[in-house]
Structures are given as structure tokens and as C-alpha cells.
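*Asks:* Sharing a structure here in C-alpha cells format.
Please treat every number below as a calculation from the coordinates, not as lab data. It should be emphasised that the depicted structure is a prediction, and the values quoted were computed from it without experimental measurement. In this analysis, Cβ positions are derived from the backbone assuming ideal geometry, glycine residues included, and neighbour counts consider all displayed protein chains.
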């Protein structure tokens, strides 16, 4: 069974999307959500700031429909996403206890890198009335393009476009826009690796975009090692 991983867009489908033959945007988004919930992995890796070279080691664990990101550098932090709820619930664990990450903080950077708590929350996968915009190819692979629109005034994104791999149901690429239709964030898988016959994420590029001129103002790479054998 072939899988395609993308963080947070992160890990790919345990299903084969072509077997289900989704016909609507709602069905495609449902497959993407299910692809996260069915994962059972532990992977080590790091975040790297492209401008400074600064790195943040991380451990990603996915089991029982919960995704956990462990950041070990001081101050240590755990962010976990509970996919048993709908929409999924994002928690932050620091010294002193655990709390839900409020919507007002979803635009904050994670560990000073170019992705934020909104990205980790996958909240855009639960926005109502997704639209199927057409098809495209990413790295030669056929994808559906699905657009979702934020129904509230909270959060850093107003519109998110997702390129969903037709073979796996995993998200291969993402572009996020503000309320002036200016792009502010891009995600794309840049390297993959083979693990036990599956295609898994090796490197993900996350770019923050200046909406005034379209230039990249920050870039982070996330790399993941082979899954840890259980």
C-alpha cells in the first residue's frame, strides 16, 4: 500500500483514495482527515531555520488518534492534537500543566519557526463547504485542488488551498491566503523516502510570504527520520 506523508499535512493515508473514488470536495477532505486519524508511528527529526541554521529537535508520535509533537530544547514543550474530537482539539503542555491552545494564539509561531499553531491544529480541514477547484500535478503526481474558507474572523488564514494526492489521499501541498486574497504561507514536500514499501516524508519546506510583495520572508525545513520500530 502506498502512502504519502506531509506534515502537518504530515502523514498520509492508510487508505487508497483511488479505491474510494471521491466525487465531491467533502469526500476528499474526509479522506484527508481520516488519513491522520489512522496513523500509528513514532518518528524523530528536527526543524531547521533556513536563514540562521538554528535547529529544534522533535519527536512525533501518532497513536490512538492523537498526534504528539515533543520539543526537547528548553523550555520543553509538548503539543498534541486530539483527533477523537470534531473539530480536532489542540493542547499545549508546558511546566505547570496542559491547556487548550486558544484561537487567539493560533497565529503564533511554534518554537520561533515558520509554522504556527493553526498549522498544527489542522483546523482548516473542518471548515464548512469546501470547494473542488480542479486538478493539478505536484512532482508529477495527480492531485485534486480543494479550497476551504474560514467561517470565522479568528485565525491567520482566510482561505486555504490543498493539493490532495489522488493515489493516497494525503495532502501534497498547501497555500494559505489572507482576507485580501494575498498568499501568506506555503507548504510543500521536497524529499521523500521509502520505508517498508511506503513512501514517507523526508523533508518538508514551510515558507512564510510577505503579502505586500509576494516575497518569501522566512523558510523552515522539517526533516524526519525513519519511523522508530515498536
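*Asks:* Given labels modelled 7 Å from the Cα in the Cβ direction, how far is it in nm from residue 42 to residue 228?
*Replies:* Here the answer is 0.4 nm between the modelled labels.
*Asks:* If contacts are Cα pairs under 8 angstrom and at least 6 residues apart, what is the relative contact order of the chain in percent?
*Replies:* Working: 569 pairs, mean separation 52.1, N = 230.
Normalised by residue count, the contact order of the chain is 23 percent.
*Asks:* Could you give the length gained on full extension between residue 152 and residue 23, defined as 0.36 nm per residue of separation minus the Cα-Cα distance, in nm? Intermediate values should be presented prior to the final figure.
*Replies:* Values: separation 129, 0.36 × 129 = 46.44 nm, distance 2.69 nm.
Separation in residues times 0.36 nm, less the Cα-Cα distance, equals 43.8 nm.
*Asks:* Report, largest value first, the span of the C-alpha coordinates of region 77-168 along each principal axis, in whole Å.
*Replies:* Result, largest extent first: 47, 28, 26 Å.
*Asks:* Could you tell me the calculated FRET efficiency between residue 94 and residue 135, based on Cβ-Cβ distance and R0 = 41 angstrom, to the nearest 0.05?
*Replies:* Values: r = 43 Å, r/R0 = 1.04.
Efficiency for this residue pair is about 0.45.
*Asks:* Can you give the extra length, in nm with one decimal, that the chain gains between residue 210 and residue 50 once fully stretched, where that is 0.36 nm per residue apart less the Cα-Cα distance? Let's see the in-between values first.
*Replies:* Details: separation 160, 0.36 × 160 = 57.60 nm, distance 1.63 nm.
This chain segment gains 56.0 nm when fully extended.
*Asks:* Once each part is reduced to its C-alpha centroid, what is the distance from region 81-108 to region 116-138 in angstrom?
*Replies:* 19 Å
*Asks:* Let me ask something else about it. Per the helix-only calculation at 222 nm, which mean residue ellipticity applies to the chain, given -39500 (n - 2.57) for every DSSP H run of n ≥ 4 and division by its residues, nearest 500 deg cm²/dmol? Write down the numbers at each step before the final one.
*Replies:* Numbers: 3 runs with 22 residues, N = 230.
Result for the chain, helices only: -2500 deg cm²/dmol.
*Asks:* Ranked highest first by average number of other Cβ atoms within 10 Å, how do 42-50, 67-75, 28-36 line up? Please list the in-between numbers first.
*Replies:* Numbers: 42-50: 17.4, 67-75: 14.7, 28-36: 21.1.
Answer by packing, highest mean first, reads 28-36, 42-50, 67-75.
*Asks:* Label residue 182 and residue 126 with points 7 Å out from Cα along Cα→Cβ: what is the distance between them in nm?
*Replies:* So the two model labels end up 3.0 nm from each other.
*Asks:* Now a separate question. Could you give me the percent of Cα pairs per 10 Å distance bin for region 17-224, shortest bin first, beginning at zero and ending with the bin that holds the maximum distance?
*Replies:* Result, from short to long distances: 8, 33, 41, 16, 1 percent.
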